[in-house]
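*Asks:* I have a structure here, written as structure tokens, and I will follow up with some questions on it.
The values are calculated or read from the model by the stated rules, or taken from the named source; none is laboratory data. Note that this is a predicted model, so its numbers are computed, not measured. Glycine also receives a Cβ, built like all others from the backbone with ideal geometry; neighbour counts cover every protein chain displayed. Just so you know, the surface numbers come from the protein's heavy atoms only, side chains and all, with ligands and any DNA or RNA stripped out. Shrake-Rupley method; radii C 1.70, N 1.55, O 1.52, S 1.80 Å.
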Amino acid sequence: MRPEIQEYPFDWMLHKSMHIAFDSLKGSKKEYQYMLNYMPYFKGLMDLLGKYDEPGILFVELVKDAVDEIMFAHDQGKKICMTTFCFSPIVLLAMDVVPVVMEPLTVLPTILWKRGTYDFMNFCIEAGLSETSCSSQRGALGAYLAGLCEPVDFIIFDSGGVCDTNANVFAFSASYLNKPIFQLDYPASFLDERTREYQRKDFRELIAFLESQTGKKLDQDRLRKGLEETHKQDLLLSQIDEYQMLKPNPLPPIFNLFMYAGRFLATSTPGYTRLLESMCRTVKNNADQGKSGLQSGKEKCRALFCYIDHYSSDARMWNFLDDTGISHLGSILSRFFPDHAPYLQNEDINSGYHIQLNTLDDMIDSLTEINARSPMVKSIRGPYDTPYMWLEDALAFARLYQADCIIYSGTPGCRNTWGMVKPFARDTEKHGFPTHIMYSDAFDERVESFETTALRLAEFFRVRQLI
Amino acid sequence: MDLIKQAAFELQNESISAWKQNDHPVVGYTCSQVPLELFYAGGILPVRLRGVGIHGLDIADAYYGPFICSFPKAILQSMAEKKLKHLDGAVIADGCDSMRRMDECWRRASKDYPHMALPFFHYMNIPRKISDHSRDWFVDEIKQLQTALNAHFKVSITLEQIQKAIQLYNESRKLIEKIEDLRKFNPPKITGSDAFCVSLAAESMAPETFQKQAAAVYEQFSSNPAEIADGPRILISGSAYDDIHLIQTIEASGANVVGENVCFGPSHRANLVSEKHPPLEALMEHYLLTCPCPRMFGRFDYRIALLKENIRNVKANGVVLQNIRFCDLHASENGLLERELEKEGIPCIRLEREYGSQTDTGRLRMRMDAFLERISQ
């Protein structure tokens with residue numbers, strides 16, 4: 001790693017970036033316009049956030065607060081846990097543990113900084129991680145491996161049995177940093193009692209691990225409060241999900257990012273609830289006027305992102321969708337499967353979790369069930385064409401949300417989906433959904449420049465006569 | 001040695017043909033965590049699925065994406081090229097993401113290439129951690145496989161038969177270990193490529209035939225050692241590896257390959273399956289608890305201890321940490337192993353390669369020459 005990079009702690013830089021972004025957005029229009037001159041590399045992102053006033057500001061505030069929590073966790077006597085986006089951090093927050101979620105912490109600098117996270121990604125290779133491993137963690141992870149962050153106290157991941165490259169990164173980090181580690185392991189099956197029992201036992205072991213690491217017992221009251229807040233957030237997410245089914249879709253494309261990044265970084269916190277409430281108001285307002293969430297107000301095509309989104313620098317993908325008239329119908333990241341979600345009205349995918357608050361056991365079971373439906377954990381744990389898995393979900397979503405096409409965006413590091421995305425795409429095509437496989441890396445533009453990615457997408461929309 | 005070499009270099013061999021002549025079924029399996037004793041107990045010959053001898057991946061590439069390890073692709077291609085016609089069934093274990101997706105790719109390919117469809121096709125779900133509930137799960141998986149085999153092949157696998165199969169395969173393991181001991185001499189009494197052929201053959205032959213052949217190999221080399229010059233002693237570790245050519249390339253550079261720490265072989269030789277414990281428990285203990293693959297997350301300490309023990313046993317002067325491209329589990333583990341081993345003064349080289357291909361020979365030879373130069377100083 002270049003010496004000058006090592007001079008600046010990663011989390012401190014992110015903390016400063018988020019504070020500046022927040023202060024800029026909170027300023028007057030004139031102040032904001034003036035500030036844009038000083039941010040040539042993320043003007044597009046700032047404009048994108050600024051467009052939506054309150055939700056944009058609340059999102060930046062949520063991220064700012066999450067980064068602050070990490071920065072000052074140890075000062076406040078809290079433990080820090082490195083974890084992954086598909087692990088629901090409700091239990092961590094209930095135990096006063098601050099989650100450091102690798103994927104959102106990779107995304108933020110990727111869209112915010114001129115050089116993205118390339119230096120940190122490269123450092124992972126210097127440290128010994130394979131260059132073909134998933135880039136979604138490597139951006140932030142490099143900084144942690146290089147000691148450029150507030151050190152983590154332990155590591156938890158839940159991708160065993162779900163995604164090897166994800167799980168491998170955390171196992172590697174535990175050995176490299178010499179930190180205690182716990183993994184939740186998932187069978188390829190989903191709803192049968194044997195699988196659920198396995199998950200229940202696994203989750204209880206996780207709680208024992210957390211109690212041993214923190215020296216505290218799981219606080220029932222805090223957990224109940226966290227789950228209640230999560231339930232409130234789930235209801236709001238369900239409302240947004242329902243609005244998204246309308247034609248035109250009243251949801252601005254970037255709101256998808258707000259939905260899941262908020263969930264990954266700040267689930268069960270009041271900040272996330274405020275963000276969702278504000279998003280609901282904007283979306284409802286659009287829906288009442290019969291307006292699309294796109295800036296142009298004109299929806300030319302409805303695209304379901306069947307896997308993840310694309311995080312080019314300056315958030316250009318979101319602006320590309322906005323400019324091209326492509327409505328974003330959500331991705332694997334933005335749906336969490338609470339039992340009241342509108343998409344679960346479809347019998348094919350009715351497999352939601354129900355939050356129960358009566359006893360501690362009930363609450364732990366609820367956490368187990370929530371976690372078992374986290375992005376990736378639910379839909380790619382088993383063969384893609386078996387019940388409740390990826391194909392069934394994607395087709396049901398595509399139908400319910402009246403998608404015109406399906407887009408696969410991922411990373412070359414995703415061994416799991418690249419192992420079957422070709423037959424998957426053939427199946428979705430057979431069901432009448434034009435499907436585009438993006439060969440770019442969602443987190444690393446060095447693999448394919450955004451210009452090329454955008455050209456290929458545009459070609460797909462044109463050739464398939466979607467716009 | 002001819003039959004052993006045939007089994008090591010070719011997917012089809014005389015032992016399999018002889019087995020099939022008696023109308024006994026053959027089932028392929030993908031991963032060293034699949035308990036082969038169970039098949040044999042039902043009169044079914046288990047053979048490890050491999051992809052040696054193919055000349056392209058065009059068909060496999062139509063199903064798998066580009067960023068996937070070439071090992072499962074090669075197996076799929078072999079099947080498409082009708083090189084695995086002896087199979088009556090296959091068990092796909094979720095050894096790693098690339099390997100477990102063979103389940104879907106194979107099923108989909110079978111629709112386009114009907115000869116690929118096998119009457120018996122089973123998915124085995126193996127935990128990636130060790131805990132009380134994962135032990136129970138693994139035992140359940142064995143039982144499910146047992147039920148599936150019983151139903152499809154119309155057999156009735158009993159615990160007594162499994163016990164006998166455990167004893168039989170343990171004999172194979174002991175024989176392999178005896179042959180491995182010949183590599184501990186300086187210079188070794190058997191070349192690395194010949195010794196590794198024996199390990200490979202064990203997973204591609206009927207155990208009785210294998211034992212007869214392996215015993216002859218042992219007799220031959222213990223009484224009449226191969227003429228091997230002194231040279232640096234190399235141990236190979238890392239990804240699934242059944243390509244004798246890599247060993248031959250290293251040995252052609254003047255080194256002696258004295259051991260392997262890879263998943264081809266260890267299921268036969270690393271530990272014996274307990275003959276005292278109840279058979280299903282014993283299989284679980286062997287195949288789950290002693291698995292040396294980094295797919296078992298959080299077990300790095302166990303694996304590095306195992307590797308260090310192997311290095312000591314064979315008195316290796318250097319370690320080749322190889323991985324197939326896109327095998328992140330081994331590639332990343334190799335990074336950690338290199339750091340730890342070099343710290344202890346054990347020279348290592350990390351090699352990334354493609355499965356089974358000889359296109360890499362020149363590059364690998366050049367890198368090995370440089371490594372041998374380093375450790376010879």
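*Asks:* For segment A:330-467, give the magnitude of the charge dipole about the Cα centre (Cβ charges: +1 Lys/Arg, -1 Asp/Glu; no others), in debye to the nearest 20.
*Replies:* Its charge dipole is roughly 480 debye.
*Asks:* So if each residue of separation counts as 0.36 nm, and I subtract the Cα-Cα distance between residue B:340 and residue B:113, what length gain in nm does that give?
*Replies:* Separation in residues times 0.36 nm, less the Cα-Cα distance, equals 77.0 nm.
*Asks:* List the trypsin sites (Lys or Arg not before Pro) within segment A:216-266 that fall in a DSSP loop (any state other than H, G, I, E or B) and whose Cβ has at most 16 other Cβ atoms within 10 Å.
*Replies:* Sparse-neighbourhood loop trypsin sites (Lys or Arg not before Pro): A:216, A:217.
*Asks:* Let me know the mean shielding of B:92-104 by other chains, meaning the per-residue number of their Cβ atoms within 10 Å of its Cβ.
*Replies:* 6
*Asks:* If each residue of separation counts as 0.36 nm, what is the full-extension length gain between residue B:222 and residue B:131 once their alpha-carbon separation is subtracted?
*Replies:* 28.5 nm
*Asks:* Sort segment A:383-467 into rounded, prolate or oblate with this rule: let a ≥ b ≥ c be the square roots of the eigenvalues of the Cα gyration tensor; rounded if a/c is under 1.5, and if a/c is not under 1.5, prolate when a/b is larger than b/c, oblate otherwise.
*Replies:* In terms of gyration-tensor shape, oblate.
*Asks:* Any chance you could run the full-extension gain for residue A:242 through residue A:33? It's 0.36 nm times the residue separation minus the Cα-Cα distance, nm to one decimal.
*Replies:* Working it through step by step, the gained length comes to 71.7 nm.
*Asks:* Using the structure shown, select from B:178/B:315; A:201/B:143; A:78/A:179; B:129/B:308; A:422/B:73 the pairs with a Cα to Cα distance greater than 19 angstrom.
*Replies:* Over 19 Å Cα-Cα: A:201/B:143; B:129/B:308.
*Asks:* Checking the a/c ratio against 1.5 first, then a/b against b/c, what shape does the Cα gyration tensor give for segment A:235-333?
*Replies:* Oblate is the answer for segment A:235-333, as a/c is 1.5 or above yet b/c matches or exceeds a/b.
*Asks:* Taking the Cα centre as origin and putting +1 on Lys and Arg beta-carbons and -1 on Asp and Glu beta-carbons, what dipole magnitude results for the protein assembly as shown, to the nearest 20 debye?
*Replies:* 760 debye
*Asks:* Between residue A:399 and residue A:340, how high is the FRET efficiency from 1/(1 + (r/R0)^6) when r is the Cβ-Cβ distance and R₀ = 25 Å? Nearest 0.05.
*Replies:* The formula returns an efficiency of 0.80 here.
*Asks:* What do you reckon, how do A:447, A:162, B:52 stack up by accessible area (1.4 Å probe), largest on top?
*Replies:* Listed by decreasing accessible area, they come as A:447, B:52, A:162.
*Asks:* If one takes the longest principal axis of the Cα atoms in chain B, at what angle in degrees, from 0 to 90 and to the nearest 10, does the Cα axis of helix B:207-223 lie?
*Replies:* The angle comes out near 20 degrees.
*Asks:* By how many degrees, 0 to 90 and rounded to 10, does the Cα axis of helix B:192-202 deviate from the longest principal axis of chain B?
*Replies:* Compared with the principal axis, the helix lies near 10 degrees.
*Asks:* Here is a follow-up. Which of these, B:343, B:212, B:174, has the largest mean-square fluctuation under a Gaussian network model of chain B (Cα springs below 10 Å)?
*Replies:* Fluctuation is largest for B:343.
*Asks:* OK, next. As an exercise, use a Förster radius of 35 Å and the Cβ-Cβ distance of residue B:305 and residue B:373 to find the FRET efficiency, rounded to the nearest 0.05.
*Replies:* In this case the efficiency is close to 0.70.
*Asks:* While we're on this one: Dipole of segment B:1-77 (Lys/Arg Cβ +1, Asp/Glu Cβ -1, origin at the Cα centre): which of B:52, B:74, B:32 lies farthest to the positive side?
*Replies:* Checking the options against the dipole of segment B:1-77, the answer is B:32.
*Asks:* Between residue B:289 and residue B:363, what is the label-to-label distance in nm when each label sits 7 Å out along the Cα-to-Cβ direction?
*Replies:* 4.2 nm
*Asks:* Give the ranking of A:429, A:445, B:160 by solvent-accessible surface, highest area first, calculated with a 1.4 Å probe.
*Replies:* B:160, A:429, A:445
*Asks:* For the charge dipole of the protein assembly as shown, defined by +1 on Lys and Arg C-beta atoms and -1 on Asp and Glu C-beta atoms about the Cα centroid, which residue among A:122, A:28, B:356 has the Cα displaced farthest towards the positive pole?
*Replies:* Result: B:356, furthest along the dipole toward the positive end.
*Asks:* Can you list residues from other chains, or at least 5 along the same chain, whose modelled amide H is less than 5 Å from the amide H of residue B:124?
*Replies:* Amide H neighbours of residue B:124, under 5 Å, 5+ apart: B:92, B:93, B:94.
*Asks:* Any chance you could check segment A:116-142 for residues losing 20 Å² or more of accessible area when the partner protein chains are in, compared with the chain on its own (1.4 Å probe)?
*Replies:* A:128, A:130, A:131, A:132
*Asks:* Probe radius 1.4 Å, ligands and nucleic acids left out: can you give me the accessible area buried at the B-A interface, summed over both chains, in Å² to the nearest hundred?
*Replies:* 4000 Å²
*Asks:* Quick one: which of A:29/A:284; A:378/A:430; A:26/A:114; A:114/A:430 span more than 31 angstrom between C-alpha atoms?
*Replies:* A:114/A:430
*Asks:* Taking every residue in A:409-422, how many Cβ atoms of other protein chains lie within 10 Å of its Cβ, on average?
*Replies:* Rounded to a whole number, the mean comes out at 6.
*Asks:* Residue A:20 versus residue B:58, label points 7 Å from Cα toward the beta carbon: distance in nm?
*Replies:* 5.5 nm
*Asks:* Could you work out the per residue convex hull volume over the alpha carbons of the protein assembly as shown, in cubic angstrom?
*Replies:* 160 Å³
*Asks:* Still on this structure, please answer the following. Which value, in debye to the nearest 20, describes the size of the charge dipole of chain B about its Cα centre when Lys and Arg Cβ atoms bear +1, Asp and Glu Cβ atoms bear -1, and nothing else is charged?
*Replies:* Using only the charged Cβ atoms, the result is roughly 200 debye.
*Asks:* Rank these residues by their accessible area, most exposed first, probe 1.4 Å: B:333, A:7, A:459, A:211.
*Replies:* A:7, A:459, A:211, B:333
*Asks:* Using the alpha-carbon atoms, what tilt in degrees (0 to 90, nearest 10) does helix B:102-112 show relative to the longest principal axis of chain B?
*Replies:* In chain B, helix B:102-112 runs at an angle near 60 degrees to the longest axis.
*Asks:* Sticking with this one: When a/c reaches 1.5 or more, the comparison of a/b and b/c decides; with that in mind, is chain A rounded, prolate or oblate per its Cα gyration tensor?
*Replies:* Since a/c stays below 1.5, the shape of chain A is classed as rounded.
*Asks:* Something else about it: Select from A:424, A:372, A:398 the residue farthest towards the positive end of the dipole of segment A:320-467; place +1 on Cβ of Lys and Arg, -1 on Cβ of Asp and Glu, and compute about the Cα centre.
*Replies:* Of the listed residues, the answer is A:424.
*Asks:* What distance in nm lies between label points placed 7 Å from Cα along the C-beta direction at residue A:289 and residue B:174?
*Replies:* 8.4 nm
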